[in-house]
Amino acid sequence: MQNQTIDQHLQEALAHLEEAINQSIHTVMENQTSSKEIGGKWEQFLGQFYGMVKDKGKKSRINLLSWISFSRIR
């Protein structure tokens, strides 16, 4: 049951990320000068995400990133 909940949250997160990507592309295509601002938003998001993973990992003493094979992601 918990695995289904995790899957559901990840699928919802992917849907939100896809929408954010689509809107980012649309915004930059309409106004090239917004690319720096949009890039900054993505940098902030990815930094917060990475920081959250590291912080939660430290608090739980579990290296969450060790569960992921980055070579298989491609």
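Electrostatic tally near Ile62: other residues with Cβ closer than 15 Å to its Cβ, Lys and Arg +1, Asp and Glu -1, net +4. Determine the share of segment 6-72's accessible area contributed by carbon and sulfur atoms, expressed in whole percent, with a 1.4 angstrom probe. After summing per-atom areas, the C and S share lands at 59 percent.
Would you calculate the convex hull of the Cα atoms in segment 13-74 and tell me its volume per residue in Å³? Let's see the in-between values first.
Numbers: hull volume 6.2 nm³, N = 62.
Roughly 101 Å³ of hull volume per residue.
Please calculate the 1.4 Å probe accessible area of His9, with all protein chains present, and give it to the nearest 10 Å². Here the residue's solvent-accessible area equals roughly 120 Å².
The values are calculated or read from the model by the stated rules, or taken from the named source; none is laboratory data. As the structure is a computational prediction, the values presented were derived from the model and not from experiment. Note that each Cβ is placed from the backbone with ideal geometry, even for glycine, and that neighbours are counted across all protein chains shown. Note: accessible area is taken over every heavy atom of the protein model, side chains too, but ligands, DNA and RNA are not part of it. Shrake-Rupley method; radii C 1.70, N 1.55, O 1.52, S 1.80 Å.
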